[in-house]
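What follows is a set of notes on a single structure, which appears directly below.
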Amino acid sequence: MSMTTILQHCLTGISLGGAYALIAIGYTLVYGILRLINFAHGDIFMMAGYFMIFSLASFPWPAAILITLVVTTVMGIAIERIAYKPLREAPRMSIMISAIGVSYLLQNLSTYLFTAIPRGYPEIPFLKRIFRVGDLSASFVTVLTPLLTIVLVVILMTLIGRTKTGMAMRAVSKDFETAKLMGININAIVSVTFAIGSFLAAVGSILYFTDRMSVTPFSGTLPGLKCFVAAVFGGIGNIPGAVVGGFFIGIVETLLVALGYSTFSDAFTFLLLIVMLLVKPTGLFGEKSVEKV
Amino acid sequence: MKKKISKPTIYSLGALALFVAFLYWLDANRLTQGMVISVLQKGAILALVATSMNLLNGFTGLFSLGQAGFMSIGAYTTAILIIPVKNLDGVYYMNGVHPAIKALRVVMAQAPPFMQTIFPFVALLLGATIAALVALVVGLAVLRLKSDYLAIATLGLSEIVRSIFSSPQFDQITNGSYGLNKIPNFPPMFFGLIPSLITPFIITGVCVAFIVLLINSSYGRAFKAIREDEIAAEAMGISLYKHKEMSFVISSFFSAIAGGMLAMYMRSIEAKTFSITLTYDILLIVVIGGIGSVTGSVVSAFLVTAAKEWWLRFFDQPLSLFGFEVPLFRTGFRMVIFSILLMIVVLIYRKGLFGTNEFSWTWLTSKKARRKP
Amino acid sequence: MREALLLTEHLTMQFGGVVAVDDLNIKIPTGEITALIGPNGAGKTTAFNVITGGYQPTCGRVIFDGQIIAENHPRSKMKKIYSGTYTEPSTQTVVHTPDQITRLGMARTFQNIRLFKDLSVFENVLIAKHCHIKASLFGSTFRLNRAEERAMRAESEALLDRVGLLSSANEKSSSLPYGKQRRLEIARALATGPRLLLLDEPAAGMNPKETDELSAFIVEIKEAFGLTIFLIEHHMNLVMDISDSIYVLDYGKTIAYGTPAEIQNNERVIQAYLGVDES
Ligand SMILES: Nc1ncnc2c1ncn2[C@@H]1O[C@H](COP(=O)(O)OP(=O)(O)OP(=O)(O)O)[C@@H](O)[C@H]1O
Ligand SMILES: [Mg+2]
């Protein structure tokens, strides 16, 4: 493989990784606060793909993007309110099952509404413009994805570090019960968390699907699971960890595909997960916690 | 001393006899009862996986989502061992069949006819044993993980198995993304005394009976203790590692048997058949039946299969009432209704059909009595 | 003094920067009742958890019936942040899981009752008998061990009878009143056939009358089952009544040891309990 091809693949990998990172943040935030693997997160990401297709059919792209972001965010909040909130006190397995149920519902609903046939993802003209540097060529979205990811993460970190809501979020994720006793409005914080997660998933969705060109009702499942792995890899509950994890998985996956092991690229992700859980269950940057007897 | 047979036993035997009679009737009328047969057979297969998943999730408290993976091990092993030799080259037309498999199958084909009738069962057992061994090794690693991590790790495992089966590197064994077809249907049992149509019910019956006996044994009680409180169970001298491993291996064993049966039922399999969705489908059966109830899983497996593949079919057909096209009815609507029903169970009727109870005749009659004001 | 059934040597447990148990050296003589007292957060439960194998100690060892069941010394990351009093020259490590320790003959109850809530009272006790089962999984599944199973059931019944819970044998354990739940936890621990019984605040949440009954009950089971008892308790009446000797813990450190009479008059103990600032 020539140097250019390698670089080209790295660029693709970084771009994919950026989208993964954005989705992974949603997992890590929700898990940090509710200790829930939000199995429906990947499907929210998929739905965002469809929202974009339909809004772009009747609106100019800036409006379409705005609509997609808003609708996805609202959907994320609504899912939490309807399917997770009633189960706050229930055993952990119940809420996980509810999440799987939502994922199942979203997939079936979108199969019903949009059929299982892949839908072409519309081209947003400025994202598709091709850049050339020497032998390397890249569409604008490839370059934009990692940059936008970094910018969004920095903004998010600042919000969490500086604002009152951010402080409350940190408190809730540290100790749910105590935070409740201290008078923090848990429901509001959980909603904010889902809003942020879904918003980032919508951004990730636009970037991801622009490169992939089509959406099906099942497009969210595997990327969703991979991003959860990314979150675990980086240390669940830890935002920079999720970003590192997202980039890492994106790059390795792209390289594996480039080397002709495309069917193993999914297996690799899960192998990484299992190895990580065994060697360092708290992830790269996670903190250790011992269960009290 | 002569044992007195209790009334519930008589009822149960009676119900069983009726069901067997019904199955023989179905066999006699199999040309006209295709839908009923297909639903019941699939129900029986799913009843076995659901029960084995319940053994883990409901009785041992291990939230595992690896069922599809273990089923695929059973399905592929069975399929490779029972596709008729004369069809092998046709099935593997793209990349050819692996010489070792070919050689083995040729040797098997020369065995006496009596052996031939046993091979399908040997194949099921072999697939299940391989799955159990995989579970044994993997269990060493993943069973240490806490609930949700275990779920995602087993889900991941199942995906790993699937991508191995569909990878071009194993083309000559699994036929890669083309999958395997021309798999023979269920074999008859006892020299045809039990027609092939009834075989899956017998297999499921035997396996579920084993699981029920296990659950009610001392080991089963230890599993329940782990489900209730790991730390207390460990303090009572129950080795978490040993018992979790037992439950995981046994559950995987039976999932693989069901997987093998699924291959015989579907007649053709591909790696996609065993995707995460399959595990979710099974989990939903367990949830609807009641996590921690074997009868719940069995009943729910039949109900869900019948509803999905038969009763709710009309949702997918365009419907016109008094000359109006009712707008919602078209392909996919059935699954939407089904998912909504499921969410209702999850959110409102959280115990499912049976909760953690088992069906019993006294329970049925007392429930009736209670309902009267 | 009689021979010790349980010994801890320089036992230290550190969580992050918190040394919850610091250089604990206790001797539990066979056949006696020894108490461990101290203010909230002193490290009593942590000491129990280390002894019963729930946590691996940071440093020191636990010896049960002459056998080292746990031993450790500060390693890797802990080496840097270790702030216990004692530094262990030995570099041996011994690990036993809680279930192994239980099978060696040590059983415990929990401060915050941990019954198998959805199971019946009878099943709770019966499960504790499982740890000594001889039959294999298949033997047990195919009911080849009828005699053993029958014996397990009979013994469980006898035990429930002995602790006065036989009448509620078929009730769900979580439906029992609080005092009975505590009793059931003790019965369940006894069902594992221990020689040493560790009780973590058995009288917590009980009124004076129930506490007195419990004192009598503890002495009774000690005699009946030939037990050695190690207990944590805040009810001083109970402790002073039935203990042969008492250890007092404060901020992880042992501040006193002696007979009930000695402890009652010990200056440091009184200070620790009243929270007098020493500076
Ligand atoms: N798993 C753990 N991780 C971190 N710190 C712990 C852990 N377990 C106990 N601690 C800390 O160790 C100290 C001692 O706790 P412990 O529960 O042993 O006290 P105790 O003497 O039993 O108190 P109480 O009388 O309230 O039961 C406390 O500061 C506690 O916060
Ligand atoms: Mg305590």
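Yes or no, residue by residue, for (1) in a helix (DSSP H, G or I); (2) within 7 Å of another protein chain (Cβ to nearest Cβ); (3) of a type in the set (Lys, Arg):
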| residue | (1), (2), (3) |
| --- | --- |
| C:Gln111 | no, no, no |
| C:Phe116 | no, yes, no |
| C:Asn124 | yes, no, no |
| C:Ile127 | yes, yes, no |
| C:Lys134 | no, no, yes |
| C:Ser140 | yes, yes, no |
| C:Glu148 | yes, no, no |
| C:Ala151 | yes, no, no |
| C:Ser156 | yes, no, no |
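When we screen C:Gln56, C:Gln100, C:Gln92, C:Gln67 for residues that are under 30 Å from C:Pro29 (Cα atoms), in the same structural domain as C:Leu249 (by TED's automatic domain parsing) and modelled with pLDDT of 95 or more, the only hit is C:Gln100. Taking the criterion of being touching a residue at least 40 places away in the same chain (Cβ under 8 Å) and among the polar types (S, T, N, Q), the residues of segment B:108-148 that qualify are B:Thr117, B:Thr129, B:Ser147. Candidates C:Asp212, C:Asp241: the one that is out of contact with any Lys or Arg (no Cβ under 8 Å at 6 or more places or on another chain), farther than 14 Å from C:Ala35 by Cβ, crowded, with 16+ Cβ neighbours inside 10 Å and not β-branched (Val, Ile, Thr) is C:Asp212.
Would you say A:Phe194 is crowded, with 24+ Cβ neighbours inside 10 Å, among the aromatic types (Phe, Trp, Tyr) and assigned to a helix (DSSP H, G or I)? It is true that A:Phe194 is crowded, with 24+ Cβ neighbours inside 10 Å, among the aromatic types (Phe, Trp, Tyr) and assigned to a helix (DSSP H, G or I). Residues in segment C:115-145 that are within 11 Å of B:Ser217 (Cβ to Cβ) and out of contact with any Gly (no Cβ under 6 Å at 6 or more places or on another chain): C:His130, C:Ile133, C:Ala135, C:Ser136, C:Leu137, C:Phe138, C:Gly139, C:Ser140, C:Thr141, C:Phe142, C:Arg143, C:Leu144. For segment B:211-246, the set of residues classified as farther than 16 Å from C:Pro98 by Cβ and more than 7 Å from chain C (Cβ to nearest Cβ) consists of B:Ile211, B:Val212, B:Ile215, B:Asn216, B:Gly220, B:Phe223, B:Arg227, B:Glu245, listed by residue number. Could you tell me whether segment C:93-109 includes any residue that is away from ligand 2 (no atom under 16 Å from the Cβ) and away from chain B (no Cβ under 14 Å)? Yes.
Against the condition within 14 Å of chain B (Cβ to nearest Cβ) and touching a Phe, Trp or Tyr at 6+ places or on another chain (Cβ under 8 Å), how does C:Ser245 come out, does it pass? No; evaluated as a whole, the condition is false for this residue.
Scanning segment A:80-96 for residues that are within 20 Å of the chain's Cα centre (by Cα) and of a type in the set (A, V, I, L, M, F, W, C) returns A:Ala83, A:Ile95, A:Met96. Suppose we filter C:Gly60, C:Gly31 for residues that are more than 13 Å from chain A (Cβ to nearest Cβ), part of a loop (DSSP other than H, G, I, E, B) and either within 16 Å of ligand 2 (Cβ to nearest atom) or in contact with a strand residue (DSSP E or B) (Cβ under 7 Å, 6 or more places away or on another chain) (or both); which single one remains? Just a single option satisfies the conditions, and that option is C:Gly31.
Does A:Phe176 fit the bill of being buried (at least 24 other Cβ atoms within 10 Å of the Cβ) and out of contact with any Lys or Arg (no Cβ under 6 Å at 6 or more places or on another chain)? No; evaluated as a whole, the condition is false for this residue. Looking only at residues of segment C:186-205 that are away from ligand 2 (no atom under 16 Å from the Cβ) and in a loop (DSSP other than H, G, I, E, B), we find that the one that is farthest from C:Leu5 (Cα to Cα) is C:Thr192.
Selection within segment C:68-92: residues that are assigned to a strand (DSSP E or B) and either within 14 Å of chain A (Cβ to nearest Cβ) or within 30 Å of C:Ala204 (Cα to Cα) (or both). The member of this set that is nearest to ligand 1 (Cβ to nearest atom) is C:Ala70. Could you list, in sequence order, all residues of segment C:9-19 that are within 16 Å of ligand 1 (Cβ to nearest atom), surrounded by fewer than 24 Cβ atoms within 10 Å (Cβ to Cβ) and either more than 14 Å from chain A (Cβ to nearest Cβ) or assigned to a strand (DSSP E or B) (or both)? Within segment C:9-19, C:Gln14, C:Phe15, C:Val18, C:Val19 meet the criteria. Of C:Asp22, C:Asp65, all but one fail to be more than 15 Å from the chain's Cα centre (by Cα), within 13 Å of ligand 1 (Cβ to nearest atom) and away from chain A (no Cβ under 14 Å); the exception is C:Asp22. Remark: pairs (first residue in segment C:247-274, within 16 Å of ligand 1 (Cβ to nearest atom); second residue among the charged types (D, E, K, R); Cβ separation under 7 Å; 6+ apart in sequence or on different chains) = C:Leu249/C:Lys44; C:Gly252/C:Asp22; C:Lys253/C:Asp22; C:Ile255/C:Arg268; C:Ala256/C:Arg268; C:Ala272/C:Asp250.
Let's see how each residue does on (1) more than 30 Å from A:Gly260 (Cα to Cα); (2) touching a Cys at 6+ places or on another chain (Cβ under 8 Å); (3) among the aromatic types (Phe, Trp, Tyr):
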{"position": "B:Ile160", "(1), (2), (3)": "no, no, no"}
{"position": "B:Phe165", "(1), (2), (3)": "no, no, yes"}
{"position": "B:Ser196", "(1), (2), (3)": "yes, no, no"}
{"position": "B:Thr199", "(1), (2), (3)": "yes, no, no"}
{"position": "B:Glu228", "(1), (2), (3)": "yes, no, no"}
{"position": "B:Val249", "(1), (2), (3)": "yes, no, no"}
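Residues of segment B:161-172 include at least one that is touching a His at 6+ places or on another chain (Cβ under 8 Å) and modelled with pLDDT under 90. Answer yes if at least one residue in segment C:197-204 is more than 16 Å from ligand 1 (Cβ to nearest atom) and on the phi < 0 side of the Ramachandran plot, and no otherwise. Within segment C:197-204 (the criterion being more than 16 Å from ligand 1 (Cβ to nearest atom) and on the phi < 0 side of the Ramachandran plot), the answer is yes, since at least one residue qualifies.
Name the residue that is nearest to A:Leu207 (Cα to Cα), counting only residues in segment A:114-149 that are without any contact (Cβ under 8 Å) to a residue 60 or more places away in the chain and surrounded by 14 or more Cβ atoms within 10 Å (Cβ to Cβ). Among residues in segment A:114-149 that are without any contact (Cβ under 8 Å) to a residue 60 or more places away in the chain and surrounded by 14 or more Cβ atoms within 10 Å (Cβ to Cβ), the one nearest to A:Leu207 (Cα to Cα) is A:Phe140.
Between A:Val257, A:Val232, A:Val215, the distinction of being surrounded by fewer than 23 Cβ atoms within 10 Å (Cβ to Cβ) and of a type outside the set (Lys, Arg) belongs to A:Val257 only.
Mind listing just one residue for me: the one in segment C:39-57 that is more than 10 Å from ligand 1 (Cβ to nearest atom) and touching a Leu at 6+ places or on another chain (Cβ under 9 Å) and, of those, farthest from the other protein chains (Cβ to nearest Cβ)? By that ranking, first place goes to C:Pro57. Screening B:Lys272 on (1) surrounded by fewer than 24 Cβ atoms within 10 Å (Cβ to Cβ); (2) more than 9 Å from chain A (Cβ to nearest Cβ); (3) more than 26 Å from B:Gly34 (Cα to Cα) shows it passes everything except condition (3). Scanning segment A:77-84 for residues that are closer than 30 Å to B:Ile288 by Cα, without any contact (Cβ under 8 Å) to a residue 60 or more places away in the chain and among the basic types (Lys, Arg) turns up nothing.
Of the residues screened, C:Val239 is one that is among the aliphatic types (A, V, I, L, M), within 16 Å of ligand 2 (Cβ to nearest atom) and in the same structural domain as C:Leu7 (by TED's automatic domain parsing).
The values are calculated or read from the model by the stated rules, or taken from the named source; none is laboratory data. Values in this document were obtained by computation on a predicted structure and should not be read as measured data. FYI the Cβ positions are ideal-geometry reconstructions off the backbone, even for glycines, and counts take in every protein chain you see.
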